[in-house]
Amino acid sequence: MSKLLVSATGLAAAAALTLGGAGTGTQAASTTLLPAGHSFAAKLTGKATFVAGSTTMTCTVSASVPGTGANNQVPAAPANHNDAGPVGATINPPTFSGCTTSVFGVSVTVTANAANGAWALSAQNGAPATGGFTIPKGGVILKTSGFATCTITASPAGPTAVNGTWTNGAPSTLAVSGAPVPATVTGGFLCPTGNQSAAFSATYQITDITDPAQQITVTG
């Protein structure tokens, strides 16, 4: 249990309007996110896994969906186009549920927040296209109970990009594989206190809420 559930800090999803380096390079291709002005949801398909050493946490439900504000909305034209880089949109903090751990006798709850900054989703045109979520400073708090009572704070020093591959489709998907996320752990006996890191893997479907017959796509 030396690195108990530090993996959960990879609960990422988003916080800045930049992609954080996923495929952007020094001469990034032009990007257009479509349809302009449409609202979208990001919903987990399959399972999200968070791994640190031999410890794994798995969540079966995760989503960021539109609310009453402007989050989860493709920018209106012309802001949905960037001549030399990614296009992004702020999103609501994701929810996580159905989470279990690989450690017997340990339960976990996860809470995402936007107390220190907005979350965002970004996409960059390319071959392949890339995408990412960014978690703001302290944007995910994970608390364990049972044999170990620990508090894990993701991205403690500032925003952290969680980068992956974007695939246009019906629906389009954003797949993240083994993305590193820093964390700070506090707690009592058996908690791996101090600075830690984890690897996050998950695939999210990006669906058009304004018009379900259309798709959220990335092009040049």
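The values are calculated or read from the model by the stated rules, or taken from the named source; none is laboratory data. These numbers were taken from a predicted model, which means no experiment stands behind them. Please note: Cβ atoms are built from the backbone with ideal geometry, for glycine as well, and neighbour counts cover all protein chains shown. These area figures cover heavy atoms from the full protein model, side chains too; ligands, DNA and RNA do not enter into them. Shrake-Rupley method; radii C 1.70, N 1.55, O 1.52, S 1.80 Å.
Just need a number here: residues in region 151-172 that are surrounded by 18 or more Cβ atoms within 10 Å (Cβ to Cβ), within 19 Å of residue 192 (Cβ to Cβ) and not hydroxyl-bearing (Ser, Thr, Tyr).
2
For residue 96, indicate whether it is of a type in the set (Phe, Trp, Tyr) and either touching a helix residue (DSSP H, G or I) at 6+ places or on another chain (Cβ under 9 Å) or over 16 Å from residue 204 (Cα atoms) (or both).
Yes: the conditions hold for residue 96.
Does region 182-194 hold any residues that are in contact (Cβ under 8 Å) with a residue 24 or more places away in the chain, assigned to a strand (DSSP E or B) and either open to solvent by less than 40 Å² (accessible area, probe 1.4 Å) or not small (Gly, Ala, Ser) (or both), and which are they?
Matches in region 182-194: 182, 183, 184, 185, 186.
Among the listed residues 175, 213, 199, 179, identify the single one that is small (Gly, Ala, Ser), part of a loop (DSSP other than H, G, I, E, B) and surrounded by fewer than 22 Cβ atoms within 10 Å (Cβ to Cβ).
213
Criterion first (at pLDDT below 95, surrounded by fewer than 22 Cβ atoms within 10 Å (Cβ to Cβ) and out of contact with any His (no Cβ under 7 Å at 6 or more places or on another chain)) does residue 90 satisfy it?
When the stated conditions are applied, residue 90 does not pass them.
Restricted to region 44-70, and to residues that are open to solvent by 50 Å² or more (accessible area, probe 1.4 Å) and part of a loop (DSSP other than H, G, I, E, B), which residue is farthest from residue 117 (Cα to Cα)?
Only one residue tops the list, namely 54.
Which numbered condition in (1) closer than 30 Å to residue 219 by Cβ; (2) open to solvent by 10 Å² or more (accessible area, probe 1.4 Å) is the only one that residue 122 fails?
(2)
Within region 158-176, track down each residue that is over 11 Å from the mean Cα position of the chain (by Cα) and either modelled with pLDDT under 95 or β-branched (Val, Ile, Thr) (or both).
Of everything in region 158-176, those that are over 11 Å from the mean Cα position of the chain (by Cα) and either modelled with pLDDT under 95 or β-branched (Val, Ile, Thr) (or both) turn out to be 165, 167, 173.
In region 126-150, which residue that is of a type in the set (S, T, N, Q) and open to solvent by 40 Å² or more (accessible area, probe 1.4 Å) is farthest from residue 183 (Cα to Cα)?
145
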